[in-house]
Amino acid sequence: MFEDINMAEMMETYVIPWAINIGLAILIYIVGKIVVGILVSVFGKIMEKSKYDDMLVDFLKTIVRAVLMLFVIIASLNQLGVDTTSLVAILGAAGLAIGLSLQGSLQNFAAGVMLLVFRPFKKGDFVEAGGTAGVVQQITIFTTLMLTPDNKEIIVPNGAIYGGNIVNVSARDTRRVDMVVGIGYDSDLKKAKDILNEMVKADDRILAEPAPTVAVSELADSSVNFVVRPWVKSSDYWAVMFDFNEAVKLRFDAEGISIPYPQMDVHVHKQEA
């Protein structure tokens, strides 16, 4: 009789309240998880409409999901009677310790977020950054993968990129080709200039606007130097430079215009015995 009364009291005092709390905690977790999923989905759609980088959107969705789920878990534990104040303090101390031990990684992380937000370059751009140059293949949170012109992969920490100058060669549709052509002092300067102007106008890849420049830039030690500065589409930059240099040499040879090279005159004085 007494055992039945004690069991009933135990059920009313401990088992039933604990079962209710556990049920409510599970319900809070399930409902919270569903709500978090909906909020993260809405957040992702808003970010996608803002035309942010897909990688940045995925990363921010992960962060938002983790933060919201942390609140859900704390609410569930609080329903079970767990002292969540101590738990939050422990998590804060652990976060601080991890942050101090990973300062370099956090710097690369912050730089990666800034690169994805402000987008000074994108995949496929040829850039000079972080002490190297190449075509951007992938931008991650911590590093950027670049491919050099001779097909080498270079992994550059984002901190090194964002902390220095970034030269985006592919940012504009057009580029100026800067070339220097030297002729000998005994060659016909006006004829050489006319030939260079004619060659610039004859190349269909060279743009009419902005107007190309052909001018005498220097009276050097052994040559008269012209600067030849045509504007081309960025995709034609190297082809125009290589082709034009070859064409100048062939044309100047055919026209009898000398292209000088460094020379040294040696004078020998013979002494009588």
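The values are calculated or read from the model by the stated rules, or taken from the named source; none is laboratory data. Because the structure is predicted, anything quoted here is derived from the model rather than measured. Glycine gets a Cβ as well: all are built from the backbone with ideal geometry, and neighbour counts include every protein chain shown. Surface areas here come from the heavy atoms of the whole protein model, side chains and all, with no ligands, DNA or RNA. Shrake-Rupley method; radii C 1.70, N 1.55, O 1.52, S 1.80 Å.
Within the stretch 161-182, the set of residues being among the aliphatic types (A, V, I, L, M) and in contact with a strand residue (DSSP E or B) (Cβ under 8 Å, 6 or more places away or on another chain) comprises Ile161, Ile166, Val167, Val169, Val177, Met179, Val180, Val181.
Looking across Val136, Val167, one residue alone is closer than 20 Å to Ser234 by Cα and surrounded by fewer than 17 Cβ atoms within 10 Å (Cβ to Cβ). It is Val167. Any residue at all in the stretch 76-88 that is surrounded by 11 or more Cβ atoms within 10 Å (Cβ to Cβ), modelled with pLDDT under 65 and of a type in the set (Ser, Thr, Tyr)? Yes, some residue in the stretch 76-88 is surrounded by 11 or more Cβ atoms within 10 Å (Cβ to Cβ), modelled with pLDDT under 65 and of a type in the set (Ser, Thr, Tyr). Within the stretch 147-167, is even one residue aromatic (Phe, Trp, Tyr) and assigned to a helix (DSSP H, G or I)? So far as the stretch 147-167 goes, yes, one or more of its residues are aromatic (Phe, Trp, Tyr) and assigned to a helix (DSSP H, G or I). Elements of the type strands (runs of 3 or more DSSP E) sitting completely within the stretch 177-273 and holding at least 1 residues that are open to solvent by 70 Å² or more (accessible area, probe 1.4 Å), more than 26 Å from Asp125 (Cβ to Cβ) and modelled with pLDDT of 90 or more: these cover 179-183, 213-219. Among the residues of the stretch 109-143, those identified as β-branched (Val, Ile, Thr) and closer than 15 Å to Asn165 by Cβ are Val127, Thr132.
Pairs meeting the criteria (first residue in the stretch 106-121 and more than 21 Å from Ala171 (Cβ to Cβ), second residue open to solvent by 10 Å² or more (accessible area, probe 1.4 Å) and assigned to a helix (DSSP H, G or I), beta carbons under 7 Å, at least 6 apart or on different chains) are Leu106/Gly99; Gln107/Gly159; Asn108/Gly159.
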